[in-house]
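Undergrad: Dropping a structure here in structure tokens format, bear with me for questions.
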Amino acid sequence: MMQYRGYIGEVSYDSEARLFHGEVLNTHDVITFQGESVNEIEKAFHESVDDYLEWCREDGVSPEKPYSGHLNLRMSPELHREAAFTAKRQKLSINKFIERAVVDEIRACA
């Protein structure tokens, strides 16, 4: 994984073509890049992100931000109720309660 200006690129290697291929993961817009070496793939990643941002500016379109910090979460009404009650018992907002649960799960998987 690579990061640049908040965008995350994932790279794979094609041994037959002897090329690295990459794609930006954290946007719905398609941003790809390729190179023959680590230096080339890093440069191509940066250039692709910069080109995307420039294209958006020229077209008057807001670039898709990698992550806004807002998450639309769907769950059953029963689970929603239990999460809200548990958060209240812990004197937390439901948002903070869910954020802590996600952090705990990420740490458990690391």
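Read-outs throughout are calculated quantities, based only on the coordinates presented, and are distinct from any laboratory measurement. Computed from a predicted model, the values in this text were never measured in an experiment. All Cβ positions, glycine included, derive from the backbone under ideal geometry; neighbour counts span all protein chains shown.
Undergrad: Loop only per DSSP, at most 12 neighbouring Cβ atoms within 10 Å: give me the GluC sites (Glu not before Pro) in the range 7-108, ordered by residue number.
TA: GLU16, GLU36
Undergrad: Quick one: which residues, 5+ away or cross-chain, put their amide H under 5 Å from the amide H of ILE31? H built at 1.01 Å from N.
TA: Amide H neighbours of ILE31: VAL24.
Undergrad: Taking the Cα atoms of the chain, report the difference between the largest and smallest coordinate on each principal axis, in whole Å and largest first.
TA: The principal-axis extents, from largest down, are 56, 37, 21 Å.
Undergrad: Turning to a different aspect of this structure: Under 5 Å between amide H atoms, partner at least 5 residues away or on a different chain: which partners does LEU19 have, H built in plane at 1.01 Å?
TA: Answer set, sorted by chain and number: ASP14.
Undergrad: With charges only on Cβ, +1 for K and R and -1 for D and E, what is the dipole size of the chain about its Cα centre, in debye, rounded to 20?
TA: Magnitude of the dipole: close to 1220 debye.
Undergrad: If you don't mind, another one. Under the rule of at least 5 residues apart or a separate chain, name every residue whose amide H is placed under 5 Å from the amide H of LEU92.
TA: Long-range HN contacts for LEU92: none found.
Undergrad: Further question on the same structure: List, in order, the whole-Hz ³J(HN,Hα) value for each residue of the range 49-59 obtained from phi through the Karplus relation with A = 6.51, B = -1.76, C = 1.60 and θ = phi - 60°; use x for Gly and Pro.
TA: 5, 4, 4, 4, 5, 5, 4, 4, 4, 5, 8
Undergrad: Go through the range 66-81 residue by residue and turn each phi into a ³J(HN,Hα) via Karplus (6.51, -1.76, 1.60, θ = phi - 60°); whole Hz please, and just put x for glycine and proline.
TA: My calculation for the range 66-81 gives x, 8, 8, x, 9, 9, 8, 10, 10, 8, 5, x, 5, 5, 4, 4 Hz in order.
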